[in-house]
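Asks: Below are the structure tokens for one structure; questions will follow.
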Amino acid sequence: MDRIRIRGGRPLSGEITVGGAKNAALPLMVAGLLTDDRLILSNVPRLADIQTMSQLLEQHGIAVDFVTNDGRTLSLGGAITNTEAPYDIVRKMRASVLVLGPLLARVGEARVSLPGGCAIGTRPVDLHLKGLEQMGARFNLANGYIDGKVDGRLRGAAIVFPFVSVGATENLLMAASVADGRTVLANAAREPEIGDLAACLVAMGARIEGIGSDTLTIDGIAKLHGAEHAIIPDRIETGSYACAAAISGGSVFLRGARLDHLGATVRILREAGVDIVEELNGLTIRRLNGLHGADVMTEPYPGFPTDMQAQFMALMSVAEGASMVTETIFENRFMHVPELNRMGARINVHGASAIVRGVPGLSGAPVMATDLRASLSLILAGLAAKGETIVNRVYHLDRGYEAVEQKLAACGVDIERISG
Ligand code: UD1
């Protein structure tokens, strides 16, 4: 299994190009199920999750091809020939459940493995199922699978989500685009990735109002057509490298990064002492003076993202003063804490909150990555630590960060991947 070795203490200096957003790319690929025509997606990040999604769509009958040599432009097309999403693929990636709505909407049946628990919490799919039931689907859960059927077409419905879910909003938005009649999704997620999906669906002919707000109104049409769409830059990759510049005491230009997609991340990082300047084609991030403790609570967009919590905690572990980090989205997302503490951080968890008491320095250690964002948190700690840090289980990292070690090494960091 690959590992990453970092020798800490070098400030980042240089430029990093931010890739396309993983969490936009995955639902956009699923949108390929909504048409028999070709959907061309550009700015696709090169990640393990993209490969997994390609595999899933291919076994549904969709041809997925990279049409440029750089592997960043995907063509999807073809008719649905199989409606089963098998356990072996779904267990690798929860976003697989996004095929449920589009399959029911297009062919009236779907058999999708239940995603089950994962390291960061139980993560049920009840909102996806309830919303689709309101649109006329019937479900039977047996043998670890969701068996869904619709008599005729899915019908438009007024759906009020009891709380915000990114995945449920995406599933229902896609299904509603080709359902019979009007659907209103209230208390919908407003993440920039939802806006990106909606923009692509509109380019495919869908009729959607309220994009960017928490109420989406969709007038279903019988058929969507092909389109070309460029994926937005990854705001979590942006925030993660901003933390890298800050924790190492360096400066980095993040090419392609968008300030208007960062929500509360900008305010919190600035409060902590990170300088963020918007330029023509990206953002310049610097740590001017010391870092200060800042309190955060994770919330749906535009609040502070749960996907930035572990990275921010690494940053706060070397800030002056204390910070309180409260996780409200996932119930078990502090697994990086014991690993950060092994590197000398002083973090105590009390229920959903962690108190981080800043220390003057961290020390390198062998550590274990437990999930995608925790992996990056440990790399960040390694940048600031004295001596050598080895991050084990980097397959988590490869699901969502493209070429981290190359991007950081190009900015002067002493980092390498050890294969095997
Ligand atoms: C997406 C992101 C993930 C991010 C998360 C929250 C993708 C591929 N993944 O995940 O990186 O951390 O949003 O910003 O875009 N819930 C239910 N029932 C449901 C659905 C969700 O109880 O039917 C709960 C979840 O367990 C969680 C909360 O709602 O506690 C938010 O989850 P959701 O927004 O759905 O996250 P994902 O779409 O899975």
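Any read-out appearing in this document is the output of simple, stated calculations on the displayed coordinates, not a laboratory observation. Remember, it's a predicted structure, so these values are computed and weren't measured experimentally. Quick reminder, even Gly has a Cβ in these numbers, built from the backbone with ideal geometry, and neighbours come from all protein chains shown.
Asks: Which trypsin sites (Lys or Arg not before Pro) in region 175-271 pass both tests, a DSSP loop state and at most 14 other beta-carbon atoms within 10 Å?
Replies: Loop-located and lightly packed - 223.
Asks: What is the helix-to-structure angle for 48-59, meaning the angle in degrees between its Cα long axis and the longest Cα principal axis of the chain, kept from 0 to 90 and rounded to the nearest 10?
Replies: 10 degrees
Asks: I'd like the FRET efficiency for residue 1 and residue 109, computed as 1/(1 + (r/R0)^6) with the beta carbon distance as r and R0 of 35 Å, rounded to 0.05.
Replies: Efficiency, rounded to the nearest 0.05: 0.35.
Asks: Computed FRET efficiency, Cβ-Cβ of residue 403 and residue 187, R0 41 Å: what is it to the nearest 0.05?
Replies: 0.65
Asks: Separate question: Using mean Cβ contacts within 10 Å as the protection proxy, how do 150-160, 29-39 order, highest first?
Replies: Put in order of decreasing packing, that is 29-39, 150-160.
Asks: Apply the Karplus parameterisation 6.51 cos²θ - 1.76 cosθ + 1.60, with θ equal to phi minus 60°, to every residue of region 315-323 and state each ³J(HN,Hα) to the nearest whole Hz, in sequence, with x for glycine and proline.
Replies: Listing the rounded values in order: 4, 5, 5, 10, 7, 7, x, 10, 9 Hz.
Asks: Measuring from the lowest to the highest alpha carbon on each principal axis, how far does region 73-162 reach, largest first, in angstroms?
Replies: 36, 36, 30
Asks: Turning to a different aspect of this structure: Give a quick list of chymotrypsin sites (Phe, Trp or Tyr not before Pro) in region 124-165 that DSSP marks as loop, anything other than H, G, I, E or B, with at most 16 other Cβ atoms within 10 Å.
Replies: 163
Asks: Still on this structure, I have one more. At 0.36 nm per residue, and after removing the present C-alpha to C-alpha distance, how many nm does the segment from residue 147 to residue 15 gain when stretched out fully?
Replies: Fully extending the segment from residue 147 to residue 15 adds 42.7 nm.
Asks: Okay, next question. Relative to the compact globular guide of 2.2 N^0.38 Å, what is the alpha carbon radius of gyration of region 287-383, as a ratio?
Replies: 0.98
Asks: Continuing with the same structure: Please express the shape of region 266-313 as an equivalent ellipsoid: the semi-axes are the square roots of 5 times the eigenvalues of the C-alpha gyration tensor, given largest first in whole angstrom.
Replies: Value: 19, 15, 8 Å, ordered largest first.
Asks: Which FRET efficiency, nearest 0.05, do residue 126 and residue 70 yield, Cβ-Cβ r, R0 45 Å?
Replies: The calculated FRET efficiency here is 0.65.
Asks: May I ask you to compute the full-extension gain from residue 299 to residue 390, defined as 0.36 nm times their residue separation minus their alpha-carbon distance, rounded to one decimal in nm?
Replies: 29.6 nm
Asks: Continuing with the same structure: Limiting things to C-alpha atoms, what are the Rg and the maximum Cα-Cα separation (Dmax) for the chain, in angstroms?
Replies: Taking only Cα atoms of the chain, I get Rg and Dmax of 21.4, 64 Å.
Asks: In region 198-302, what GluC sites (Glu not before Pro) fall in a loop by DSSP, with at most 14 other Cβ atoms inside 10 Å?
Replies: Qualifying residues, ordered by number: 279.
Asks: What are the equivalent ellipsoid semi-axes of region 262-343, built from the alpha-carbon gyration tensor (square roots of five times its eigenvalues), in whole angstrom, biggest first?
Replies: Semi-axes from the Cα gyration tensor: 22, 17, 11 Å.
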